[in-house]
There are 2 protein chains.
Amino acid sequence: MKFSSKIEKCGLSPMRKFAPYAAEAVKKGKKVYHLNIGQPDIATPEAYFEAVKNFSQPVLAYAPSDGVPEMIDAVVNYYGKIDAPITNKQVLITTGGSEALQIALSCILDEGDEIIIPEPFYPNYSTFVTLTGATIRPVTTKPEEGYKFAVRERIKACINEHTRAILFTNPGNPTGTILTEEELKLMADIAKEHDLFIIGDEVYREFVYGGEKLMSLLQLEGYEDNVVVIDSVSKRFSACGARIGCVITRNKELYNHAMKWCQGRLCASTIDQVASAALYSVGPEYFDAVRKEYCARKDTLVEGLKKIPGVVYSEPKGAFYVMAALPVDDAEKFQIWMLEEFDDNGDTLMFTPAESFYKTPHTGVNEIRMAYVINEKDITRCMELLKKGIEAYLEAN
Amino acid sequence: MKFSSKIEKCGLSPMRKFAPYAAEAVKKGKKVYHLNIGQPDIATPEAYFEAVKNFSQPVLAYAPSDGVPEMIDAVVNYYGKIDAPITNKQVLITTGGSEALQIALSCILDEGDEIIIPEPFYPNYSTFVTLTGATIRPVTTKPEEGYKFAVRERIKACINEHTRAILFTNPGNPTGTILTEEELKLMADIAKEHDLFIIGDEVYREFVYGGEKLMSLLQLEGYEDNVVVIDSVSKRFSACGARIGCVITRNKELYNHAMKWCQGRLCASTIDQVASAALYSVGPEYFDAVRKEYCARKDTLVEGLKKIPGVVYSEPKGAFYVMAALPVDDAEKFQIWMLEEFDDNGDTLMFTPAESFYKTPHTGVNEIRMAYVINEKDITRCMELLKKGIEAYLEAN
């Protein structure tokens, strides 16, 4: 049987591919600590479950293809409050930020096209781009430079006649970087000058730790045709399982094309949309508390990292990940070794080997991504395990 | 700005594109009867809402990418009961039958490939195929022949070196046809002989009215590599808004490719999966009652159609749609006229003009699809409106 050449080019998720080794380790009686998945342990606001319980229509009917009105309104109001006015004909509610990305990329990219993405990047970007027939043109960034990519010459060097768009996560997954207002404007300027779409994946917007102002692409004026924003309730409200996100654009033509996809798949889940709309009633005190919690976890993780000789990292300013280069030959090999050969009092550790966060071959081989979505005590233990693991691995290999 | 050539080839849904005319008619005080959308009015079983209310995890977390275990088990058990044994590594839970189709088609089809689909077909097939870069090779069927397509010579005439798969809905949307065991086996034989995938969209499986046995592609032995089945809770349990479906295949390679898509989009909605699993506890008396109700509605609609001179149709044997050729020049023109110019005591009617159910140009121009998902009294009124509408239209034009 013959398969699509596009799906053959795709890989399995690096966040999930070591699960069988972890299962084997658990079978042998080891306790595995997880820093590999961005699944927060923060409770989902009660407003969600109340809305679910209060849903009382006897027929669970299709929602409108663009979304249920209360969810669209919730998104419009949210952006209105951060000085990014949008209308309800500029928002399409999607099945998570994932579908929002699929829709935006499908509407823009053709076979042979290119999209500029700073690397390291969220690996599922690669799956979605590959399925359109296009390819990623990476802008390689480094921890030593704070993963900076918004530099005119560096971006312009990646633009050619095949380039259609620029995509980045802000705050960054996996790097934790955030763009300054000037950097964001620079990126938008370059996109406008070259007639490119600029796609901002802003799902981690609430999680900024240094008191800096985080700007949305939608706050910039004069880039209405270029800007696309991907958003989601998953991380913002610790509601990953709701699978509710949205794609936002003021470009009417893009909106109309995206609507074709939306009508094709009929709608996003009705109950999850109604309940997700209710999440937007949560006040700023919720975000303050969550931000404080994540910030403390980040500090704990970074404290632990500092104690491990030879580790290179850049302290994250947002989101809830840390990238680190380890003093090992190969992070995948090290991960498997940690699960198969290592334990400290029965404990071992999972992280995400980061090679597949890079498009450039043989890059990031000794790097890992860690998600600080577990409590501080466990993070402290994780850093001990990482330190002891590296020592034992270097001795054994 | 440049868009994907694929999305530019897609169209808006014919089920939804006349909505603005309907809104205008309502504004003028008309009552619009809807036969255009396949949204059943049957109550969703209480089991769904109970499961939703009983969901008690404090964190609404991601589900596994292949699906929550209880939903996968529910599907495996369901197929076990109809003598179509499958394992839980042959099922991927998806966001509706729509995503199941997107996944199957994306894994199989490349730019320039062809897929054979009998026409008239569900128009969203066209969107999903077009987005892969492939094209539909239609097998044109006719009401006078009962929309029969499972004829060896006719299918073989469509096969060439670009053909990768055959796709059909069984029971048929929009035709209401069902394949006999011999026809189903014939289609599978042809697929096997030519190394093609055979994709059965079986979401209407419960709705068969003549007492005939409906066979699933998964009941056939010896076609493990070829068969793919698309399923969904939407129509079966009147739970369209849950957006829970699945793709089923015993082809391990296809399953592994499909898993890449599933991991890329992370998972289907957690609560909707848990609640959809509960739907499978509904007993056969539920389906008997629903089947009886739809059958009575079909009979009422067909009785009404019989009274309209010049209408050609084939009485459906399954699903809940009737296709009909009307004695008008153009069904789209007629639909707009019905909404703008016509009323009978303030009432008018919506159906779905069926030209976009055909790939072959200028085919089905005077045909419509009607969904009998409303009560018998309203259906009777709809047929009166159709009869009077046609008479008035013919007089006026």
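The values are calculated or read from the model by the stated rules, or taken from the named source; none is laboratory data. Bear in mind that the values here come from a model prediction, so they are computed numbers and not experimental data. Ideal geometry is used to build each Cβ from the backbone, glycine not excepted, and the neighbour counts take in all protein chains shown.
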statement: When the stretch B:269-291 is checked residue by residue, the ones that are within 12 Å of B:T44 (Cα to Cα), β-branched (V, I, T) and in contact with a helix residue (DSSP H, G or I) (Cβ under 8 Å, 6 or more places away or on another chain) are B:V282
- prompt: Here are some residues: A:Y286, A:Y313, A:Y294. Which one is closer than 30 Å to A:Q57 by Cβ, away from chain B (no Cβ under 11 Å) and of a type in the set (S, T, Y)?
  reply: A:Y286
query: within 11 Å of chain A (Cβ to nearest Cβ) and in contact with a helix residue (DSSP H, G or I) (Cβ under 8 Å, 6 or more places away or on another chain) - does that describe any residue in the stretch B:78-92?
result: no
- prompt: Which residues, taken from the stretch A:177-215, are closer than 20 Å to A:S126 by Cβ and in contact with a Lys or Arg (Cβ under 7 Å, 6 or more places away or on another chain)?
  reply: A:T177, A:L196, A:F197, A:V203, A:Y204
query: From the set of residues in the stretch A:349-397 that are hydrophobic (A, V, I, L, M, F, W, C) and in a strand (DSSP E or B), which is nearest to A:Q39 (Cα to Cα)?
result: A:A371
query: Only one of (1) modelled with pLDDT of 95 or more; (2) closer than 19 Å to A:S314 by Cα fails for A:D347. Which number is that?
result: (2)
task: Enumerate the pairs (first residue in the stretch B:351-368 and touching a residue at least 60 places away in the same chain (Cβ under 8 Å) and closer than 14 Å to B:Q335 by Cα; second residue anywhere and among the polar types (S, T, N, Q) and part of a loop (DSSP other than H, G, I, E, B)) with beta-carbon separation below 8 Å, excluding pairs fewer than 6 apart on the same chain, so at least 6 apart or on different chains.
output: B:F351/B:N36; B:T352/B:N36; B:E355/B:T363
query: Is the stretch B:238-246 home to any residue that is at negative phi, more than 9 Å from chain A (Cβ to nearest Cβ) and touching a residue at least 24 places away in the same chain (Cβ under 8 Å)?
result: yes
task: Kindly provide the set of residues from the stretch B:267-280 that are within 18 Å of B:N88 (Cα to Cα), among the aliphatic types (A, V, I, L, M) and at the interface with another protein chain (Cβ under 7 Å from one of its Cβ atoms), ordered by number.
output: B:A268
- request: Please indicate, with yes or no, whether at least one residue in the stretch A:29-49 is hydroxyl-bearing (S, T, Y), within 14 Å of A:D272 (Cβ to Cβ), within 24 Å of the chain's Cα centre (by Cα) and at pLDDT 95 or above.
  value: yes
- request: Look at B:I116 and say whether it is away from every other protein chain (no Cβ under 12 Å), buried (at least 20 other Cβ atoms within 10 Å of the Cβ) and either among the β-branched types (V, I, T) or touching a Leu at 6+ places or on another chain (Cβ under 7 Å) (or both).
  value: yes
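Quick grid of which residues meet (1) part of a helix (DSSP H, G or I); (2) at pLDDT 95 or above; (3) out of contact with any Cys (no Cβ under 9 Å at 6 or more places or on another chain):
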site	(1), (2), (3)
A:E285	yes, no, yes
A:T300	yes, yes, yes
A:L305	yes, yes, yes
A:P309	no, yes, yes
A:V322	no, yes, yes
message: Give me the residue from the stretch B:218-237 that is over 18 Å from B:I42 (Cβ atoms) and in contact (Cβ under 8 Å) with a residue 40 or more places away in the chain and, out of that set, nearest to the other protein chains (Cβ to nearest Cβ).
response: B:V228
field: Those residues of the stretch A:310-341 which are closer than 19 Å to A:Y209 by Cα and surrounded by fewer than 19 Cβ atoms within 10 Å (Cβ to Cβ), in sequence order
entry: A:E315
